[in-house]
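For reference, the structure discussed in these notes is given below.
Rule-based calculations on the coordinates, nothing more; no lab input. As the structure is a computational prediction, the values presented were derived from the model and not from experiment. Reconstructed Cβ throughout: ideal geometry from the backbone, glycine too, with neighbour counts over all protein chains shown.
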Amino acid sequence: MTPIIRPTDDKAFAEKLIRQNMSSYYKQLDMRWDIDLFNRQWGELDSYALVINASRVGLLCINHDQNAYYIRELQIAPPWQRQGLGAEAIRFTGETAQHAGIHLLRLRVFCINPAIALYERMGFRIVKTAGGMHSMERLIL
């Protein structure tokens, strides 16, 4: 299934989806949602909604420097998970990076998140583990 990936500035949608998807990890890791951090970072990211049949089903937030593109958020609504939407979002990010002349994608993910398997299938490798998080990266050829 191929979503339409379009820019979004709907911060309320983003916050709701992130909190919904991440709440179990926050609970397991005894973490709390930091609304101030979310508000600061929101304005620094390029954010995209993943849309199927005119419904928003996911969120992709990225940014970059001269060396890499960073996937800061990749959230898919639970009924739409495991249908290839995350892989499409990663492909979109890779194409965006290539058009900018950048050949490296990076992300961070909780060590307990099963999405690690998706990232590894998409060519990411773990380069560092600290504080319950994996830092992963993938070259774009």
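Descriptive notes on the structure:
- Among the residues of the stretch 1-19, those that are part of a helix (DSSP H, G or I) and under 14 Å from the mean Cα position of the chain (by Cα) comprise 14, 15, 17, 18, 19.
- In the set 118, 85, 107, only one residue is of a type outside the set (D, E, K, R), touching a helix residue (DSSP H, G or I) at 6+ places or on another chain (Cβ under 6 Å) and buried (at least 16 other Cβ atoms within 10 Å of the Cβ); that residue is 118.
- Listing of strands (runs of 3 or more DSSP E) fully contained in the stretch 59-141 that carry 1 or more residues being free of Cβ contacts under 8 Å to residues at least 12 places away in the same chain and among the aliphatic types (A, V, I, L, M): 125-130
- From the list 54, 49, the one residue that fits, being more than 24 Å from residue 131 (Cα to Cα) and surrounded by 13 or more Cβ atoms within 10 Å (Cβ to Cβ), is 49.
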